[in-house]
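Let me begin by presenting the structure, written as structure tokens, before commenting on it.
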Amino acid sequence: MPDGNGKVVLDCTNSNDSQKEKVFYFVSGQADISLKEAMKEGVTRFFYKPFDLDELLTSLKRDLQ
């Protein structure tokens, strides 16, 4: 993201109480947020670039059920 990072989006999403159940994936080429911190903040899955598209799609199907 040229003007920010996923942490900003996550913080905004977490402040919206109308979305009780959400699936939030981080896909990053940089380690600007630690995996432990991300999971604590509500990230469902964390993928580092390059990532396996089939793995991401399988995870999405499972998490959205």
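The values are calculated or read from the model by the stated rules, or taken from the named source; none is laboratory data. These numbers come from a predicted model, not from an experiment. For neighbour counting, all protein chains shown are included, and Cβ atoms are generated from backbone atoms with ideal geometry for every residue, glycine included. All accessible areas refer to the heavy atoms of the entire protein, side chains included, with ligands and DNA or RNA removed. Shrake-Rupley method; radii C 1.70, N 1.55, O 1.52, S 1.80 Å.
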Q. Which number in (1) at pLDDT 90 or above; (2) surrounded by 12 or more Cβ atoms within 10 Å (Cβ to Cβ); (3) part of a loop (DSSP other than H, G, I, E, B) marks the one condition that Pro50 misses?
A. (2)
Q: Name the single residue, out of those in the stretch 1-17 being acidic (Asp, Glu) and at pLDDT below 70, that is most open to solvent (accessible area, probe 1.4 Å).
A: Asp3
**Q.** Single residue of Glu21, Glu55, Glu37 found to be at pLDDT 90 or above and either among the polar types (S, T, N, Q) or out of contact with any helix residue (DSSP H, G or I) (no Cβ under 8 Å at 6 or more places or on another chain) (or both)
**A.** Glu55
Q | Test: Gly42 is modelled with pLDDT of 75 or more and at positive phi | A | yes
